[in-house]
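The structure appears right after this line, and notes come after that.
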Amino acid sequence: MALFCYTLISNVIVFVIVSLDNYKHVQDILICYMSINILFLTYGICGYVLIATRRRHLLENEVLDIQIQKLRLKFLATRQGIFLDYSSIYLMY
């Protein structure tokens with residue numbers, strides 16, 4: 001919720017700054033805005049993921065059969081790739 005509020009408020013602030021500047025330095029303002037957003041959101045999301053994994057004790061759980069999980073992930077990735085290929089071909093025609 002905090003990241004959502006941050007993105008809304010920061011968009012409004014950038015819009016006000018650009019409009020008060022009479023659209024003279026739009027490119028510089030947008031580059032700074034995107035850089036700050038990337039840093040803030042990356043640290044915010046990473047921090048949230050770390051806190052959530054500790055709360056749910058996900059770091060303590062072990063995967064028993066790693067080979068079976070690897071085969072399952074390969075199968076799922078292949079299936080998604082085939083679906084993406086066929087869907088992109090279907091959308092092109």
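Each value in this text was obtained by applying a stated rule to the coordinates, not by laboratory testing. Keep in mind that what you see is a predicted model, and the values were worked out from it rather than measured. We place every Cβ from the backbone using ideal geometry, glycine too, and count neighbours over all the protein chains shown.
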Margin query: Give me the one-decimal nm value for the distance between modelled label points at SER87 and VAL49, 7 Å along each residue's Cα-to-Cβ direction.
Written below: 2.2
Note to self: Over the chain, with a Gaussian network built from C-alpha contacts below 10 Å, which listed residue (TYR23, TYR33, TYR48) shows the highest mean-square fluctuation?
What the structure shows: TYR23
Notebook entry, point to check: Can you give the extra length, in nm with one decimal, that the chain gains between PHE75 and VAL16 once fully stretched, where that is 0.36 nm per residue apart less the Cα-Cα distance?
Noted result: 16.3 nm
Next item on the list: Treating the angle as unsigned and between 0 and 90°, give the value, to the nearest 10°, between the Cα long axis of helix 26-55 and the longest Cα principal axis of the chain.
Entry: 40
Note to self: Please check: in the Gaussian network model of the chain (C-alpha springs, under 10 Å), which one of PHE40, PHE15, PHE75 has the largest mean-square fluctuation.
What the structure shows: PHE75
Notebook entry, point to check: Of THR53, TYR6, THR42, which is farthest along the charge dipole of the chain in the positive direction, counting Lys and Arg as +1 and Asp and Glu as -1 at C-beta?
Noted result: THR53
Next item on the list: Between ILE17, ILE82, ILE29, find the one with the highest GNM mean-square fluctuation for the chain; connect C-alpha pairs within less than 10 Å.
Entry: ILE82
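Using a Förster distance of 35 Å, how high is the FRET efficiency between ILE29 and MET1, based on the Cβ-Cβ distance and rounded to 0.05?
Details: r = 27 Å, r/R0 = 0.76.
E between ILE29 and MET1, to the nearest 0.05, is 0.85.
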Check: Among [x] 2, 10, 10, 11, 9, 10, 14, 15, 9, 6, 3, 1, 0; [y] 3, 13, 25, 27, 20, 9, 3, 0; [z] 3, 12, 20, 23, 16, 12, 8, 4, 2, 1, 0, 0, 0, which is the computed P(r) over Cα pairs in 5 Å bins from 0, in percent?
Finding: [x]
